[in-house]
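Report on the following structure.
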Amino acid sequence: MTDRPISSDIPPGDELVAYRSKAGQPAIVPARQRDRGIGPFKRLVLRGATVIDGTGAPPIGPTDIVIENNRITLLKKVTGNLATAANRPAQGDHEIDCRGKWVTPGFIDCHAHAGVAYHAANGWVPPVDYVYKLWLAHGVTTVREMGSMNGLGWMLDQKKRSAENSIAAPRLLAYAYFPAVNDMLKVLHTPDEGRSWLRRLKERGADGVKFFGAPPAIMEAALDECRKLGLRSGCHHAQMSVTRMNALTTARWGLTSAEHYYGLPESLFEDRVVQNFPLDYDYNDEYFRFSVSGQMFKQGAKPGSAKWNEVLERFLEIGFTFVPTFTIYDANRDLMRARQADWHKEYTWKSMWDYFTPQRGGHGSYWYRWSTQNEIEWKENYRLWMAFINEYKNRGGRVCAGSDSGFIYQIFGFGYIRELELLQEAGFHPLEVIRSATSQGAALCGVQDELGTLEAGKLADLLVHDHNPLTDFKLLYGTGAMRLNEATNRVEWHRGLKCTIKDGVIFDTAELLADVRELVKETWAEDVPARFRQQQEAAQ
């Protein structure tokens, strides 16, 4: 996939989408208008909320929250003798009664993709409105878009429209793919070419860079240049590059965060440099790629060993961040559970469902001989992986919530909530989970002065919950949590998230979910091909 001339013809950050477009992969339909949400209001007041502020502090309430011109200006305790009308904030242009409700900061998805063009292999690709509405319906108000796989120009347009509130979308941070690996697209061949590319990328307005690896000299120079330019970075340490640089190597060079788990077990190896690959391994056979990946942590140092502790301390000294995305590999340890999730029937787009189904050549569609043994190995892989991540958090390291949805039976929004559940499984207290999803994510993205906690001066990204999310993260799913009504002896589904407020715009999550259900229903209809052509023509 090496094509040196493309870098001189295509703006930096658009190379991969240009390459794939030339091969016939259609564009994802962008969002161009906002059809949901009210506001922003000059003065918005939330009355009587119980606040979970995102710092890790316990809930406190009742509290009145005042928002003026998209900024939180006041959080005022209104209990006891302080609850008199005369002592409470003045009336707003719009008010939300939050008595008996909980308010948290908006969630930050630190590893996400605004649609997956690969799904074109199986039919009508979801327009990005589908993705945005699922994110907002699950409380995601900020997204670190890792790779800008639709092209940096496309992503910057959507980022601008979101900032203007002219589309119904979370706040978008655009990280561009660094084109320096043979197995995706390689147009950068020297350290100087990498530095020049990054300078031009910064001029275009990118927030950061997504690496999959690179030759070490190029990678080290690129990370040095990112530091100089103020570009943040994340890396999926792909198996084709990781033997030359594991996550600890790139952390020393200045990488901001490691994505998924790749590169971490390699940093724990004591008696090897290269993972114990089967001798007939082929990286392009994704069954090999993902089944063998489930054997990695058991080849490294054991929890509590000298090497384990040494690696933990080195990452802590650097101040490194992990974005584990436990959710995206969850199916590997229980495929049946992932396939039968409650939400697939009404919320999973047909081409996505078909893409997830076993097929050769589809990234993440590697189930053609998945076995009990594979799942057992992945369960052990998770046990060790989670132990490291939880201990890293316990020692003061930063761990953030990310979903990487769109692959492996995980869909947007729902996959993010599953990540919260998995952080709790790893050992995080629910307050620590919320902290990872809010203030820790904001710090990783460099927006901690504006977002991530509920306090005066911050932007108005808030979530209003009908149920306490700390008691059960399943309440945050768009399908809700199953409960038995003892009075009627009938099953009910309790959904906790009432509204998502992003930049002062209030989105009714029930409306967003209803929109998605209607969109998904269409994709299973017989007239999809004609509509698909119309959508694609409009996107050009």
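The values are calculated or read from the model by the stated rules, or taken from the named source; none is laboratory data. The model shown is predicted, which means the values in this text are computed figures rather than measured ones. Cβ coordinates were reconstructed from backbone atoms using ideal geometry, including for glycine residues, and neighbour counts include every protein chain displayed. These accessible areas exclude ligands, DNA and RNA; they are computed on the full protein's heavy atoms, side chains included. Shrake-Rupley method; radii C 1.70, N 1.55, O 1.52, S 1.80 Å.
Excluding residues fewer than 8 places away in the same chain, name every one of the lysines whose C-alpha is closer than 26 Å to that of Lys298.
Partners found: Lys307, Lys379, Lys393.
Could you order peptides 333-340, 108-115, 157-164 by the average number of other Cβ atoms within 10 Å of their residues, highest first? Could you put the intermediate results ahead of the total?
Working: 333-340: 14.1, 108-115: 28.9, 157-164: 17.8.
Output ranking for 333-340, 108-115, 157-164: 108-115, 157-164, 333-340.
Given +1 on the Cβ of Lys and Arg, -1 on the Cβ of Asp and Glu, and no further charges, what dipole in debye does the range 268-356 carry about its Cα centre, rounded to the nearest 20? Could you put the intermediate results ahead of the total?
Values: 11 positive and 14 negative charges, 42 e Å.
Using Cβ point charges on Lys, Arg, Asp and Glu, the range 268-356 gives about 200 debye.
Could the peptides 145-151, 349-355, 513-519, 490-496 be put in order, highest first, of the mean number of other beta-carbon atoms found within 10 Å of their residues?
Going from most to least packed, we get 145-151, 349-355, 513-519, 490-496.
Tell me the label-point distance for the pair Asn284, Asn182, using the 7 Å Cα-to-Cβ offset, in nm and rounded to one decimal.
1.2
Just to confirm the number: angle between the C-alpha axis of helix 372-394 and the first principal axis of the chain, 0 to 90 degrees, nearest 10?
In the chain, helix 372-394 runs at an angle near 60 degrees to the longest axis.
Express in whole angstrom the spacing between the alpha-carbon centres of the range 400-451 and the range 462-498.
Computed from Cα coordinates, the inter-centre distance equals 19 Å.
Counting only other residues whose beta carbon sits under 14 Å from that of Tyr416, what net charge do I get with K and R as +1, D and E as -1?
Combined, the nearby Lys, Arg, Asp and Glu give -2.
Would you be so kind as to identify which of Gly300, Leu172, His363 lies farthest towards the positive end of the dipole of the chain, taking Lys and Arg as +1 and Asp and Glu as -1 on Cβ and the Cα centre as origin?
Leu172
Using alpha carbons only, how many angstrom separate the centre of the range 85-135 from the centre of the range 288-365?
Distance between centres, Cα-based: 25 Å.
Taking the Cα centre of the chain as origin and charging only Cβ (+1 Lys, Arg; -1 Asp, Glu), how large is the dipole, in debye to the nearest 20?
Details: 64 positive and 66 negative charges, 137 e Å.
Taking the Cα centre of the chain as origin, the dipole is about 660 debye.
With labels modelled as points extended 7 Å from the Cα through the Cβ direction, what inter-label distance (nm, one decimal) is found for Asn468 paired with Lys228?
Those two pseudo-labels are separated by 5.3 nm.
Using a ≥ b ≥ c from the Cα gyration tensor of the range 297-408 (square roots of the eigenvalues), is it rounded, prolate or oblate, where a/c under 1.5 gives rounded and otherwise the larger of a/b and b/c decides, a/b for prolate? List each step's numbers first, then the result.
Working: a/c = 2.81, a/b = 1.90, b/c = 1.48.
Cα axes put the range 297-408 in the prolate bin.
Could you tell me what percent of the accessible area of the chain is made up of carbon and sulfur, with a 1.4 Å probe and every protein chain present?
Values: 9890 of 20610 Å².
Heavy-atom surface of the chain belonging to carbon and sulfur, 1.4 Å probe: 48 percent.
Among Gly452, Leu463, Thr488, whose Cα projects farthest towards the positive end of the dipole of the range 413-517, with charges put on the beta-carbon of Lys, Arg (+1) and Asp, Glu (-1)?
Thr488
Might you tell me the accessible area per residue for the chain, computed with a 1.4 Å probe and given in Å²? Numbers along the way, then the final one.
Numbers: 20610 Å² over 540 residues.
Per-residue accessible area for the chain comes out at 38 Å².
By the gyration tensor of its Cα atoms, with a ≥ b ≥ c the square roots of the eigenvalues, what is the shape of the range 166-318: rounded for a/c under 1.5, prolate for a/b over b/c, or oblate? Don't skip to the end; give the middle numbers.
Values: a/c = 1.75, a/b = 1.51, b/c = 1.15.
Taking the square roots of the gyration eigenvalues as a ≥ b ≥ c, the range 166-318 is prolate.
Once the dipole of the chain is set up with Lys and Arg at +1 and Asp and Glu at -1 on Cβ about the Cα centre, which of Ala27, Leu255, Leu231 lies farthest towards its positive end?
The listed residue farthest towards the positive side: Leu231.
Under a point-charge model restricted to the Cβ atoms of Lys and Arg (+1) and Asp and Glu (-1), what is the dipole moment magnitude of the range 125-206 relative to its Cα centre, in debye to the nearest 20? Can you show the working numbers first?
Details: 12 positive and 8 negative charges, 45 e Å.
In debye, rounded to 20, the range 125-206 gives about 220.
Let a ≥ b ≥ c be the square roots of the eigenvalues of the Cα gyration tensor of the chain; is it rounded (a/c under 1.5), or, if not, prolate (a/b larger than b/c) or oblate?
Rounded shape, in that the Cα axes give a/c under 1.5.
Between Arg71 and Ala510, what FRET efficiency follows from the Cβ-Cβ distance if R0 is 30 Å, with the result rounded to 0.05?
Values: r = 27 Å, r/R0 = 0.91.
In this case the efficiency is close to 0.65.
Could you please report the charge total around Gly153, scoring K, R as +1 and D, E as -1 over all other residues with beta-carbon less than 9 angstrom from its beta-carbon? Let's see the in-between values first.
Working: positive: Arg204; negative: Asp14, Asp157.
Here the count lands on -1.
For the pair Asn276 and Met336, how long in nm is the line joining their label points, each one 7 Å along Cα→Cβ?
For the pair Asn276/Met336, the computed spacing is 2.9 nm.
Identify the residues of the range 425-455 with backbone N under 20 Å of a label point that sits 7 angstrom from the Cα of Thr79 along the Cα-to-Cβ direction, or state none.
431, 454-455
Counting Lys +1, Arg +1, Asp -1, Glu -1, what net charge surrounds Val140 among other residues with beta carbon under 14 Å of its beta carbon? Spell out each step's value before the answer.
Working: positive: Lys133, Arg144, Arg171, Arg418, Lys502; negative: Asp109, Glu145, Asp404, Glu419, Asp461, Asp503.
Summing Lys and Arg as +1 and Asp and Glu as -1 gives -1.
Going by a 4.7 Å Cβ-Cβ cut-off, which cysteines of the chain have no partner at all?
Flagged as lacking a Cys partner: Cys98, Cys226, Cys235, Cys445, Cys499.
What figure, in Å² to the nearest 10, do you get for the accessible area of Met386 with a 1.4 Å probe and non-protein molecules left out?
10
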